[in-house]
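Novice: First the structure, which I've put down as structure tokens, then a few questions once you've had a look.
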Amino acid sequence: MNEDCIFCKIVNGDIPAFRVYEDEHVLAFLDITQGTRGHTLLVPKKHVENAYGLSEEDAAMLFKRVPKIARAIKHAFDPIGLNIINNNDQPLQSVFHVHIHLIPRYASDGMVLSMKDRQDEYGKEDYEAVRKAIKESLGH
Ligand code: AMP
Ligand code: ZN
């Protein structure tokens, strides 16, 4: 429990939330913004700031619950698809208690979550340099 953390307060029941699922390790509740109908957050009950700080055990505990919540949202709202997103560090992350967004998508829902295709900017050496940078950082 981090005294200054809004999600710890929700986990603890100190402030209200629209709770949809809970077990020993995780809590899922509605994102207050409802970017789309059914937008849900999944958090570990244990305070960890973001994905960088998760132990493998904590990550497993958290991520293994994702399909259960995803299926429930799909069943409830019959979306055309579902985005699963995790923001880490400012300016992407606004609440520093790790959380996974489950965002059901609907036709014309006004959400803009698209990837850029930069294949035409990358040659074999570029991919290789990127691969090498990540590979060499593993374990650091
Ligand atoms: P992020 O930008 O990934 O850190 O997302 C944080 C999310 O937490 C935002 O989508 C907020 O709408 C949501 N949020 C903040 N406070 C609350 C709250 N009290 N109850 C539910 N969702 C919240
Ligand atoms: Zn917290």
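Novice: Are there any pairs with C-beta distances below 8 angstrom linking a residue in region 1-22 that is more than 15 Å from Lys46 (Cβ to Cβ) to a residue that is among the basic types (Lys, Arg) and within 13 Å of ligand 1 (Cβ to nearest atom), with the two at least 6 apart or on different chains, and if so which?
Specialist: From region 1-22, the pairs are Ile15/Lys9.
Novice: Quick one: which strands (runs of 3 or more DSSP E) lie wholly within region 1-114 and hold at least 3 residues that are away from ligand 2 (no atom under 15 Å from the Cβ)? Break it down stepwise before answering.
Specialist: Working: elements: 19-22, 26-30, 40-44, 81-85, 100-105.
Because the criterion is at least 3 residues that are away from ligand 2 (no atom under 15 Å from the Cβ), the strands (runs of 3 or more DSSP E) in region 1-114 that meet it are 19-22, 81-85, 100-105.
Novice: Kindly indicate whether any position in region 70-81 is surrounded by 13 or more Cβ atoms within 10 Å (Cβ to Cβ) and touching a helix residue (DSSP H, G or I) at 6+ places or on another chain (Cβ under 8 Å).
Specialist: Among the residues of region 70-81, at least one is surrounded by 13 or more Cβ atoms within 10 Å (Cβ to Cβ) and touching a helix residue (DSSP H, G or I) at 6+ places or on another chain (Cβ under 8 Å), which makes the answer yes.
Novice: Another one. Does Asn88 count as surrounded by 11 or more Cβ atoms within 10 Å (Cβ to Cβ), under 11 Å from the mean Cα position of the chain (by Cα), closer than 14 Å to Gly38 by Cβ and not charged (D, E, K, R)?
Specialist: Values: surrounded by 11 or more Cβ atoms within 10 Å (Cβ to Cβ): yes; under 11 Å from the mean Cα position of the chain (by Cα): yes; closer than 14 Å to Gly38 by Cβ: no; not charged (D, E, K, R): yes.
Against the criterion (surrounded by 11 or more Cβ atoms within 10 Å (Cβ to Cβ), under 11 Å from the mean Cα position of the chain (by Cα), closer than 14 Å to Gly38 by Cβ and not charged (D, E, K, R)), Asn88 does not qualify.
Novice: Another question about this same structure. Can you tell me which residue within region 65-84, out of those that are touching a strand residue (DSSP E or B) at 6+ places or on another chain (Cβ under 9 Å) and among the basic types (Lys, Arg), is nearest to Ala107 (Cα to Cα)?
Specialist: Lys74
All of the numbers you see were taken from the coordinates with simple rules; none came from a lab. Since this is a predicted model, take the numbers as computed values, not measurements. Neighbour counts run over all protein chains shown; Cβ positions are idealised from the backbone, glycine included.
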